[in-house]
Amino acid sequence: MYSWGGGTKDWKKPGAYNYNSARKPYLDKLAAASKARGGRSYVKGSSPNSKLVHTGKKEIFSDSENPLIVAVDVTGSMERWPAEIFDRLPLLYQTLSQYRPDLEVCFAAIGDAYSDEYPLQINNFGKGVALEDHINALYPEGGGGGQIHETYELFGHYILNHCKTPKAKNPFLLIFGDEKFYENVNPDQAEHFMGYRPEKAIESKSMWKNLMQKFNMFYLQKPYGWGDNNSITQSVTDTWAEAIGKQRIIALPSMERAVDVGMAIVARHWGKFGDYTKNISARQDSSQIKLVMKSIRYIPVDPNTPITRASKLLVGSDGNASKRLDQ
C-alpha cells in the first residue's frame, strides 16, 4: 500500500527520487492527517455514502485549472482492479499535485444501470487526505449484467451536463474499464438517476465527442474478464475507437501498473515526463517500467519537456516510446 508523506525510504530504490523539497512539509502533514483519521479502505459497507457520493441529481464543481476525473468500472469482470487503482491514491495525488498544485480530483464508480442498484457513483472534486473519504464512500457493487456492456454512457452524460469546471485549462478524464458502452443514453435511466427525462434517446458516440471538447479523455482498457478473451477485448477496443479514436484507448498491462499508466499520460501532457520517469524508476524494476512505457508509446511528449537521461533510456531521445520498446 502506498502511503502519504514526503519520504521514499520504502521504495525499491530509496533516495533515488525525492518529492519537491518545498512540498515535503505539506506531504508529511498529509501523512499525519491520514494516520489520525484511520486511513482508507475500499471494501466496507453495502451502499455508497450518500453524504458524499452523488447518484446523479447534484452537480459537481471545481474551480481548479487542472481538474482530474478518475472513473473506474466496478462491476464483476473488473475483479480486484478497482481496489488496486483506488489504493494508489497517495501516489497519484502526491505525484500529480507537485506538477500542478491546484490539482483537484473526482473519483467515480461505474456500473450497469440495467442490472445494478448503484451504477452511477460520483464524488465531488477534492484534494489531499479528504480524498480518502471520497474513496471510502464508494461502494464496490461488483455487479454488471453480463452483456459485455456497462452504462459508461450514463456516466459520460452526467459529466457532460452536470460537471462544472469554469476555470479548467488542462482537465483530464481517465476511465478505467473492460467493456463497451451502450449505443444510447437511456431516457428512463437519465430520469431515474438525474431527475429529468430527455425528449429522446441520446446517441452515445455524439455524447462522447462532445465530452472530449470539455476534457482530455482516455479509456484505459483492462483485458476483458478472466482468462483468454482476446476477441472480446478487441471488440471492446473497436467500439471505443469508433467513438473517441484509437489513440485514446490505452491497453493496461496489469492492475498494479494501471495508475502508473494514467499518471504517465498526464505527466506527458503537462510537460513533466522527465520527472515522472525518475519517479517510476525509483519504484519499479525495468521490466515493469517497460510495460508502462509500451502502453503510452503513441502518446506524444510535450515538446517543452526536458529530456533527461532516464527518459532517454525509457523512450528514446526523440520521445517515441515505441521505437525502443518494440524492438
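The values are calculated or read from the model by the stated rules, or taken from the named source; none is laboratory data. Just so it is clear, the structure is predicted and the values come from calculations on it, not from any experiment. Cβ placement follows ideal geometry from the backbone for every residue including glycine, while neighbour counts extend to all protein chains displayed.
Some values worked out for this structure:
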item	result
Among residues of segment 102-129, those that are out of contact with any Pro (no Cβ under 8 Å at 6 or more places or on another chain) and over 23 Å from V261 (Cβ atoms), counted	10
Residue identified as out of contact with any strand residue (DSSP E or B) (no Cβ under 8 Å at 6 or more places or on another chain), at pLDDT below 95 and either within 27 Å of E79 (Cβ to Cβ) or aliphatic (A, V, I, L, M) (or both) among M194, M263, M212, M293	M194
Boolean, N136 is crowded, with 19+ Cβ neighbours inside 10 Å, polar (S, T, N, Q), modelled with pLDDT of 95 or more and in the same structural domain as H54 (by TED's automatic domain parsing)	no
Of all residues making up segment 139-157, the number that are of a type outside the set (G, A, S) and at pLDDT below 95	5
Among (1) touching a Cys at 6+ places or on another chain (Cβ under 9 Å); (2) free of Cβ contacts under 8 Å to residues at least 24 places away in the same chain - the single one F215 does not satisfy	(2)
So E104, is it among the charged types (D, E, K, R), at pLDDT 95 or above, surrounded by 18 or more Cβ atoms within 10 Å (Cβ to Cβ) and closer than 18 Å to F125 by Cα	yes
Unique residue being over 23 Å from D112 (Cβ atoms) and surrounded by 16 or more Cβ atoms within 10 Å (Cβ to Cβ) when the list is S286, S204, S281	S281
Test: residue in segment 33-45 that is in contact (Cβ under 8 Å) with a residue 40 or more places away in the chain, surrounded by 14 or more Cβ atoms within 10 Å (Cβ to Cβ) and under 18 Å from M255 (Cα atoms)	yes
